[in-house]
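Inspection log for the structure reproduced underneath, given as structure tokens.
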Amino acid sequence: MKKRPHVALLIEASRGHGRQIIEGVARYAAEHGSWSLRLEPRNIDDRPPRWLRSWKGDGIIVRCDTALMARAVLATGLPLIDVRGGVPEAGLPLVGVDNAPVVEAAFEHFRERGFRHYAWCDFFRKRRIWIDLRRERFQQLVSSVGATYSQFQSKQAMSRHATWSQHEMLELLDWLGSLPRPVAILACDDEQAHLVLDAALTLGLRVPEDAAVMGIDNDEVFCRVSSPPLSSVDVNAVTVGYKAAEALARRMRGRRVPARTMIPPRGVVTRQSTDIIAVDDPEASEALRFIREHACRPTTADDVAAHLAVSRSTLDRCLRSAVGQSAAAAILQVRLSRVKADLAETDLTLQAIATRAGFASVQHLANLFRDRVGVTPGRYRKEMHH
């Protein structure tokens, strides 16, 4: 009888991101022969479990965030896969979230809604690579369109699981009150976006009219208990878990795996905290609303101009002033967002997706998608699914 692989999951079950990764691992194990999975309640910064030193298993999947954990898993000599990337100097093979497109999805969501003022918020005291990557990419994107950018930097930034002091809350309130309005705020994860939302409401800001707030991870608990419900980027953590299990299976068979496998996000899950057109100019606001509702019918820039009873040149001048792009560019942005969603969330054929998004032909869509997104539609769909 073939021996069942015994795999330790050193992944926090205390937060949605970790639970989604565990779900992905479990799916792979169920589809490819039963694995014996060792799982216990833990947080991301817990110490390595004592039993790990003498454990006689076959492989490990770990969310490695400390040098102590890296040393502990390497000392076992077992095949392992990291799904965090917090200790790159340890050289652990990584299957993780691709942070640049996570931020790009959030930025596109805000830009479709016409924001010209942006802000980033995180509260960690300890430097974290993934936060730096997200913050730097967000700032680059904002700068590329000539919009304003601000970031919250607490003098006494909290560490995870720390409680807010009155001083820290006052710092956040002062910062939020100083931002231009309306402002699009991206927090480094849902837990911290929830805190930003609470502070904004304490200050009396209207959400999303004065401040639109988005998190990252699509943690259902934090997103739904927030008031109003929190928009968030679904980082595709289930697929991270599935691909990590797939890579570990290869290593347990003695085969090599890539040093880094980065998984792109599924996209933004829109909830009330960002569901707004944030443009002062009434004509630009109406144009963007019309584009969001009709872009996939299909609609042309001339149709938008006719709806507003203005010339095409007037429409483009109005939108460039308000959001930094032409009507045609805004239409294309909405259509590509629809294509990405359909590729990630449905099994529709590319022909059906092209029709739903308002493209005249599959070939036109495929060429445009590869040019703008950097991969073919088929490759994108494969990356979104396991």
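The values are calculated or read from the model by the stated rules, or taken from the named source; none is laboratory data. Remember, it's a predicted structure, so these values are computed and weren't measured experimentally. We place every Cβ from the backbone using ideal geometry, glycine too, and count neighbours over all the protein chains shown.
Key figures for this structure:
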read-out: Long-range neighbours under 8 Å by Cβ, at least six apart or interchain, first residue touching a residue at least 60 places away in the same chain (Cβ under 8 Å) within the range 195-208, second aromatic (Phe, Trp, Tyr) and surrounded by fewer than 16 Cβ atoms within 10 Å (Cβ to Cβ); value: 195/164
read-out: Residues of the range 62-73 that turn out to be among the β-branched types (Val, Ile, Thr) and either without any contact (Cβ under 8 Å) to a residue 12 or more places away in the chain or more than 19 Å from residue 130 (Cα to Cα) (or both), as a count; value: 1
read-out: Residues that are surrounded by fewer than 15 Cβ atoms within 10 Å (Cβ to Cβ), among the basic types (Lys, Arg) and free of Cβ contacts under 8 Å to residues at least 24 places away in the same chain, drawn from the range 2-52; value: 3, 47, 50
read-out: Out of 200, 157, sole residue that is at pLDDT 90 or above and not acidic (Asp, Glu); value: 200
read-out: Residue count, the range 217-255 (criterion: surrounded by 15 or more Cβ atoms within 10 Å (Cβ to Cβ), touching a helix residue (DSSP H, G or I) at 6+ places or on another chain (Cβ under 8 Å) and either among the hydrophobic types (A, V, I, L, M, F, W, C) or closer than 14 Å to residue 383 by Cβ (or both)); value: 16
read-out: Wholly enclosed helices (runs of 4 or more DSSP H) of the range 1-113 bearing at least 3 residues within 14 Å of residue 249 (Cβ to Cβ) and either at pLDDT below 95 or not assigned by TED's automatic domain parsing to the domain that holds residue 186 (or both); value: 16-31
read-out: Qualifying residue in the range 117-127 (condition: in a helix (DSSP H, G or I) and either in contact with a Leu (Cβ under 6 Å, 6 or more places away or on another chain) or not aliphatic (A, V, I, L, M) (or both)); value: no
read-out: Tabulated pairs, the range 230-254, first in a strand (DSSP E or B), second acidic (Asp, Glu), C-beta under 6 angstrom, 6+ apart or interchain; value: 232/190
read-out: Residue selected from the range 347-366 under the condition small (Gly, Ala, Ser) and not in a helix (DSSP H, G or I), by the criterion farthest from residue 293 (Cα to Cα); value: 361
read-out: Residues that are free of Cβ contacts under 8 Å to residues at least 24 places away in the same chain and under 12 Å from residue 338 (Cβ atoms), drawn from the range 353-365; value: 354, 355
read-out: Residue match in the range 291-299 (condition: out of contact with any His (no Cβ under 6 Å at 6 or more places or on another chain), acidic (Asp, Glu) and closer than 27 Å to residue 208 by Cα); value: yes
read-out: Filter result (touching a helix residue (DSSP H, G or I) at 6+ places or on another chain (Cβ under 8 Å) and either free of Cβ contacts under 8 Å to residues at least 40 places away in the same chain or surrounded by fewer than 17 Cβ atoms within 10 Å (Cβ to Cβ) (or both)) within the range 113-143; value: 124, 129, 133, 137, 141, 142
read-out: Conditions (1) closer than 26 Å to residue 214 by Cα; (2) in a helix (DSSP H, G or I): number failed by residue 370; value: (1)
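To keep it simple, each residue is scored yes or no on (1) farther than 16 Å from residue 118 by Cα; (2) outside any strand (DSSP E or B); (3) in the same structural domain as residue 153 (by TED's automatic domain parsing).
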| residue | (1), (2), (3) |
| --- | --- |
| 193 | no, yes, yes |
| 198 | yes, yes, yes |
| 201 | yes, yes, yes |
| 207 | no, yes, yes |
| 214 | no, no, yes |
| 224 | yes, yes, yes |
